[in-house]
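These notes are about the structure you will find just below.
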Amino acid sequence: MKSEPEVFSFEDLLAAKGRRAFWDGVRNYQARNLMRDAMAPGDRVLFYHSNADPTGVAGLCEVVKGAQSDPTQFDPEDEHHDPRSDPLEPTWVGVTVRALAALPRFVTLADLKAEPRLAGMGCLARGNRLSVQPVTPKEWGIVIGLGGLAGKY
DNA sequence: GCCAACGTTGGC
DNA sequence: GCCAACGTTGGC
């Protein structure tokens, strides 16, 4: 899952109550569908800092609660307000994640690109801008290995 | 359904 | 700030 650290960083998640946060603000149907249909409590998550210096994977989380209505869609004051969303059938959802551990070594995008075993990773595909996307168990193992937590999660 | 215009994402 | 790539909108 990608977040701009200036908006919400992995450190912010670590500092949050219970080290957990509701992942709001997703306004892309494909990303929404992944959260709604493909994420369940216990699933592990790589927390990626986008639009940052450097960009890359900062830490590990897990899903603690599956998809729920994203309240920001109904808040006129919120930048993610969606006036077309029906409260009885909300368009947008989010999951709740909890931080597991910061990576001892931040894994930069350059690190990911330089690792031949990650050549097929979705987030490295040309033009892929999805803020939520699947990671295979194999990719997970390689990334946390690069981050200094090989075999620990 | 097509497609041009526009908006957003995100690396650099 | 630039720009490539992609998504969304809306006229037709």
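The values are calculated or read from the model by the stated rules, or taken from the named source; none is laboratory data. Worth saying up front: this structure is predicted, and the values here are computed from it rather than measured. We place every Cβ from the backbone using ideal geometry, glycine too, and count neighbours over all the protein chains shown.
Figures for the structure shown
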item	result
Flag for A:Asp78 being in contact with a helix residue (DSSP H, G or I) (Cβ under 9 Å, 6 or more places away or on another chain), in a loop (DSSP other than H, G, I, E, B) and among the charged types (D, E, K, R)	yes
Residue among A:Asn51, A:Asn28 that alone is out of contact with any strand residue (DSSP E or B) (no Cβ under 8 Å at 6 or more places or on another chain), within 15 Å of DNA strand B (Cβ to nearest atom), in contact (Cβ under 8 Å) with a residue 40 or more places away in the chain and under 22 Å from A:Val143 (Cβ atoms)	A:Asn51
Top-ranked residue of the range A:24-60 - restricted to ones that are aliphatic (A, V, I, L, M) and under 19 Å from A:Asp111 (Cβ atoms), ranked as nearest to DNA strand C (Cβ to nearest atom)	A:Ala52
Tabulated pairs, the range A:100-122, first without any contact (Cβ under 8 Å) to a residue 60 or more places away in the chain and in a helix (DSSP H, G or I), second polar (S, T, N, Q) and surrounded by fewer than 17 Cβ atoms within 10 Å (Cβ to Cβ), C-beta under 8 angstrom, 6+ apart or interchain	A:Gly122/A:Asn128
When residues of the range A:34-48 are limited to those that are part of a loop (DSSP other than H, G, I, E, B) and within 20 Å of A:Gly122 (Cβ to Cβ), the one farthest from DNA strand B (Cβ to nearest atom)	A:Ala40
Among (1) in a strand (DSSP E or B); (2) within 12 Å of the chain's Cα centre (by Cα), the one test that A:Ala31 misses	(1)
Residues (surrounded by 12 or more Cβ atoms within 10 Å (Cβ to Cβ), within 11 Å of DNA strand B (Cβ to nearest atom) and among the small types (Gly, Ala, Ser)) located in the range A:126-151	A:Ser131
Test result for A:Asp43, touching a Leu at 6+ places or on another chain (Cβ under 6 Å) and within 15 Å of A:Trp140 (Cα to Cα)	no
Close pairs from the range A:125-146: first part of a helix (DSSP H, G or I), partner among the β-branched types (Val, Ile, Thr), Cβ under 9 Å, at least 6 apart	A:Val143/A:Val57; A:Val143/A:Val107; A:Val143/A:Val135; A:Ile144/A:Val57; A:Ile144/A:Val107; A:Leu146/A:Val57; A:Leu146/A:Val107
Criterion (within 14 Å of DNA strand B (Cβ to nearest atom) and modelled with pLDDT of 95 or more) met by exactly one of A:Lys17, A:Lys2, A:Lys65	A:Lys2
Any hit, the range A:75-87, residues being surrounded by 13 or more Cβ atoms within 10 Å (Cβ to Cβ) and under 12 Å from the mean Cα position of the chain (by Cα)	no
